[in-house]
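All remarks here apply to the structure that follows.
The values are calculated or read from the model by the stated rules, or taken from the named source; none is laboratory data. Since this is a predicted model, take the numbers as computed values, not measurements. A quick note on method: Cβ atoms are made from the backbone with ideal geometry, for glycine too, and the neighbour counts reach across all protein chains shown.
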Amino acid sequence: MRVSKVLLATLATTAALLAGCGASSEDETAGQVFSAAAMGTEQNFAVLGGSAVTNTGSSVITGDLGLYPGTAITGFPPGLVTGETHATDAVALQAQADTTATYNDLAGQECDSALTGQDLGGRTLVPGVYCYATSAQLTGALTLDAGGNPNAVWVFKMGSTLTTASNSSVVLINGADVCNVFWQVGSSATLGTTTSFVGNIYALASITLNNGASVSGRVLARNGAVTLNNNTITAPVCGIAPVTSITLDKTFSPGTISAGGTSTLTITLTNANGTVANLIGPLIDNLPAGLVLVPGSVGTDCTEVRFVATSLSPLTGWYIEDTSKVGLTAEGLIPANSSCTVWADVTAAAPGTYVNTLPAGALQTDLGNNAEPASATLTVVP
């Protein structure tokens, strides 16, 4: 049985959020009342398709994979599913029914701001319900600012399509929670190559993730197909609030290299709790386009023993190593009151500025998730 909608914000909360925003920001104004849709059994799924689910390459799905009423799930392996797979069974049927209910819930929420014809890129948005009469486009970065309110909610409604350009991103700041970001798409959603997307996509038709796109959230297609291509989809564990005692940091050393040179990317996982924190899902860092992992350079001490790569393979022991991503499998752990690291050498052939970000909630442990994103910048000169 589904639970009823939970009222998460009022005019007073919104006013407090707006009061805390800097005068130089480009915040949109939220409306008087908005609420999060109450997810049903679909929250267990990272990917749910209607007609088919198709994968190409080494996609990693953290959460369940489902399909109903279609019967064709292809591409697993080489794709990896950490949860259960439900193809045209009673579990998938119920998940689709709950997806429809949540979709209708979102569609029925009153709009606070109309953004038809305006690109989402380059904006910082406070909580609210944002509406597009037809299609919505994201080019560049969209920042969602919770203003310190852990219950802040964003609902994006579009009459037809959602499309992102290559290398676009959704960034959560000041306590924003991926569990409270919803995208209600009137037809189909398409994420461009290496897009770093955040939120729960509910599409009436199909959802396509182009090469290297990642989603912290869920991709749920009611009637159409879900098409994947070397993607990472991580369904967050909702209902467990992120805690500041689990944090992420990352650096490039050196921070500036010549084209064709190498820099060491170090991801630091910190656990301020008195007990060991065990990962409950893989930590995957997708490198920006043009930045490439040096084969055999990955290592980690986020384990009971130290592991270092000896050859290139997508999943090797405790660490994840690919030319475009690096991270830890769910077997990783963070010592009590301590930190551990994952490291890898990277290189780039073309000069430029390469920004590498892990979103809030990317690190999922049995003691909580990281509440803030971790970002590092590598400059490559001729």
Which pairs do you get when a residue that is at positive phi, found in region 257-277, comes within reach of a residue that is assigned to a strand (DSSP E or B) and modelled with pLDDT of 90 or more, reach meaning Cβ atoms under 9 angstrom, with the pair 6+ apart or on two chains?
Gly260/Thr347; Gly260/Ala348; Gly260/Val380
For Ser311, all conditions in the list (1) polar (S, T, N, Q); (2) crowded, with 17+ Cβ neighbours inside 10 Å; (3) at pLDDT below 85 hold save one; what is the number of the exception?
(2)
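Among Val342, Val326, Val355, which is the only one that is in the same structural domain as Thr264 (by TED's automatic domain parsing), surrounded by 24 or more Cβ atoms within 10 Å (Cβ to Cβ) and at pLDDT 85 or above?
Numbers: Val326 fails: at pLDDT 85 or above; Val355 fails: surrounded by 24 or more Cβ atoms within 10 Å (Cβ to Cβ).
After applying the criteria, what remains is Val342.
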Which pairs do you get when a residue that is within 16 Å of Thr134 (Cβ to Cβ), found in region 104-122, comes within reach of a residue that is surrounded by 14 or more Cβ atoms within 10 Å (Cβ to Cβ) and hydrophobic (A, V, I, L, M, F, W, C), reach meaning Cβ atoms under 6 angstrom, with the pair 6+ apart or on two chains?
Cys111/Val129; Cys111/Cys131; Ala114/Cys131; Thr116/Ala133; Leu120/Leu138; Leu120/Leu142
Strands (runs of 3 or more DSSP E) wholly inside region 138-188 that include at least 2 residues being aliphatic (A, V, I, L, M), touching a strand residue (DSSP E or B) at 6+ places or on another chain (Cβ under 6 Å) and closer than 14 Å to Ser216 by Cα:
169-173
Region 169-185 - residue that is modelled with pLDDT of 95 or more and out of contact with any Lys or Arg (no Cβ under 8 Å at 6 or more places or on another chain) and, of those, surrounded by the most Cβ atoms within 10 Å (Cβ to Cβ)
Val185
Kindly indicate whether any position in region 106-129 is modelled with pLDDT under 95 and within 19 Å of Asn231 (Cα to Cα).
no
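So that you can scan it fast, the table gives a plain yes or no per residue for (1) over 20 Å from Asp64 (Cα atoms); (2) within 20 Å of the chain's Cα centre (by Cα); (3) part of a strand (DSSP E or B); (4) not assigned by TED's automatic domain parsing to the domain that holds Pro351:
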residue: Val215; (1), (2), (3), (4): no, yes, yes, yes
residue: Phe252; (1), (2), (3), (4): yes, no, yes, no
residue: Gly260; (1), (2), (3), (4): yes, no, no, no
residue: Leu265; (1), (2), (3), (4): yes, no, yes, no
residue: Thr268; (1), (2), (3), (4): yes, yes, yes, no
residue: Asn273; (1), (2), (3), (4): yes, no, no, no
residue: Gly281; (1), (2), (3), (4): no, yes, no, no
residue: Pro288; (1), (2), (3), (4): yes, yes, no, no
residue: Cys302; (1), (2), (3), (4): yes, no, no, no
Residues in region 125-137 that are part of a strand (DSSP E or B) and in contact with a helix residue (DSSP H, G or I) (Cβ under 7 Å, 6 or more places away or on another chain) total 0
Of (1) modelled with pLDDT under 75; (2) out of contact with any Phe, Trp or Tyr (no Cβ under 7 Å at 6 or more places or on another chain), Asn273 fails just (1)
Taking strands (runs of 3 or more DSSP E) that fall entirely within region 45-124, which contain at least 2 residues that are within 20 Å of Leu162 (Cβ to Cβ)?
45-49, 52-56
